[in-house]
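Notes follow the structure.
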């Protein structure tokens, strides 16, 4: 498990996705589908969220659509934004919280082409030390809680759940940003009283760091919480409608395959540093087959409620309609 955490801490070194072989010149002979851009450069975060793209690569779904997909590892979706703007990336795995934040600031006009990952029970959780006297989330009043980053998805999920438990997340707890690989040690050393983590770190902290699962973060008001999807700039989507539609069809096929846990468990070690044995043990979220505007709007509304956004965007305008 230590190997997997080291790999995730250096995600840029861990991606092993290969490009799908097919024509790339754009000529009629090599591009019978008439795609505006048959070669796509896609930014991929090597975490379970990206499983549908890896499945589509392995099973030739992109090739079936006349696409060549070239992947580029990124540590997190904000890293992709300047590359999407300068054209070195066409699409990327986008974390919805950071995407809506950038949209709100006017940094970029995003379009969402396909969903990828949805949180489920166990995929995000709060953990304490085994000998902690904290009882439930309400027991965290006055305590320090580690999050991967302030104003992140995990931070938002934590805030919603703390409020649901009767606390004021802005006043009753102290949030401390600590990288996920360091959370177990921080908890063990008493630097913080609890950690808000995501898989595979949830499993690792319990198995190897003496952590106790205090509460699930994807339940009740955050049930079926959308985490990430595939998208790019509005300009790219407007100029390449046939290419986007081809990508959507390939990913839709892949997400149907991803409904089989065994298929996901098998593919995760091929593009991450998560070993096969660990991939079979961790809690993995769901892979929706389509973008749900209502669920995404709920994410944006929660972000506005908790001070992440000045005004929630109209998510429907950000979604590229799926091909019929």
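Counting only residues that are within 18 Å of the chain's Cα centre (by Cα) and assigned to a loop (DSSP other than H, G, I, E, B), the stretch 235-261 holds 2 of them.
Where residues in the stretch 67-86 are outside any helix (DSSP H, G or I) and out of contact with any helix residue (DSSP H, G or I) (no Cβ under 6 Å at 6 or more places or on another chain), which of them is surrounded by the fewest Cβ atoms within 10 Å (Cβ to Cβ)? The extreme case among them is 70.
Can we say residue 204 is buried (at least 17 other Cβ atoms within 10 Å of the Cβ), assigned to a helix (DSSP H, G or I) and either assigned by TED's automatic domain parsing to the domain that holds residue 228 or without any contact (Cβ under 8 Å) to a residue 60 or more places away in the chain (or both)? When the stated conditions are applied, residue 204 does not pass them.
Yes or no: residue 175 in contact (Cβ under 8 Å) with a residue 24 or more places away in the chain, touching a strand residue (DSSP E or B) at 6+ places or on another chain (Cβ under 8 Å) and not assigned by TED's automatic domain parsing to the domain that holds residue 40? So residue 175 fits the description; yes. Filtering 215, 312 for residues that are in contact with a helix residue (DSSP H, G or I) (Cβ under 8 Å, 6 or more places away or on another chain), more than 20 Å from residue 114 (Cβ to Cβ) and assigned to a loop (DSSP other than H, G, I, E, B) leaves a single hit, 312. Within the stretch 141-159, the residues that satisfy the criterion of being at negative phi and free of Cβ contacts under 8 Å to residues at least 60 places away in the same chain are 141, 143, 144, 145, 146, 147, 148, 149, 150, 152, 155, 158.
Looking for whichever is crowded, with 20+ Cβ neighbours inside 10 Å, over 16 Å from residue 122 (Cα atoms) and touching a residue at least 12 places away in the same chain (Cβ under 8 Å) here; the options are 217, 162. Which one fits? Testing whether each residue is crowded, with 20+ Cβ neighbours inside 10 Å, over 16 Å from residue 122 (Cα atoms) and touching a residue at least 12 places away in the same chain (Cβ under 8 Å) leaves just 162. Yes or no: the stretch 256-268 includes at least one residue that is surrounded by fewer than 21 Cβ atoms within 10 Å (Cβ to Cβ), modelled with pLDDT of 95 or more and in contact with a strand residue (DSSP E or B) (Cβ under 9 Å, 6 or more places away or on another chain). The answer is yes; a qualifying residue exists. Across the stretch 189-198, the qualifying residues are those that are part of a loop (DSSP other than H, G, I, E, B) and in contact with a strand residue (DSSP E or B) (Cβ under 8 Å, 6 or more places away or on another chain), and the one among them that is farthest from residue 147 (Cα to Cα) is 190. Condition test on residue 146, is it surrounded by 19 or more Cβ atoms within 10 Å (Cβ to Cβ), in a strand (DSSP E or B) and either at pLDDT below 95 or within 18 Å of the chain's Cα centre (by Cα) (or both)? Considered against the rule, which asks whether it is surrounded by 19 or more Cβ atoms within 10 Å (Cβ to Cβ), in a strand (DSSP E or B) and either at pLDDT below 95 or within 18 Å of the chain's Cα centre (by Cα) (or both), residue 146 comes out as no. Scanning the stretch 220-246 for residues that are touching a strand residue (DSSP E or B) at 6+ places or on another chain (Cβ under 6 Å) and crowded, with 19+ Cβ neighbours inside 10 Å yields a count of 9.
Reported count of residues in the stretch 287-302, each being buried (at least 20 other Cβ atoms within 10 Å of the Cβ) and under 16 Å from the mean Cα position of the chain (by Cα), is 6.
Considering only the stretch 262-304, state which residues are assigned to a loop (DSSP other than H, G, I, E, B) and over 11 Å from residue 226 (Cβ atoms). Selection gives 272, 273, 274, 275, 280, 281, 282, 283, 284, 287, 289, 290. Of all residues in the stretch 107-133, which are in contact with a helix residue (DSSP H, G or I) (Cβ under 6 Å, 6 or more places away or on another chain) and part of a loop (DSSP other than H, G, I, E, B)? Listed by number, the residues that qualify are 108, 109. Restricting 212, 271 to residues that are in contact with a strand residue (DSSP E or B) (Cβ under 8 Å, 6 or more places away or on another chain), surrounded by 16 or more Cβ atoms within 10 Å (Cβ to Cβ) and not assigned by TED's automatic domain parsing to the domain that holds residue 153 narrows the list to 271. Within the stretch 304-320, the presence of a residue that is free of Cβ contacts under 8 Å to residues at least 60 places away in the same chain, closer than 20 Å to residue 91 by Cβ and touching a strand residue (DSSP E or B) at 6+ places or on another chain (Cβ under 7 Å) is excluded.
The values are calculated or read from the model by the stated rules, or taken from the named source; none is laboratory data. These numbers were taken from a predicted model, which means no experiment stands behind them. When we count neighbours, we look across all protein chains shown, and the Cβ atoms used for this are built from the backbone with ideal geometry, even at glycine.
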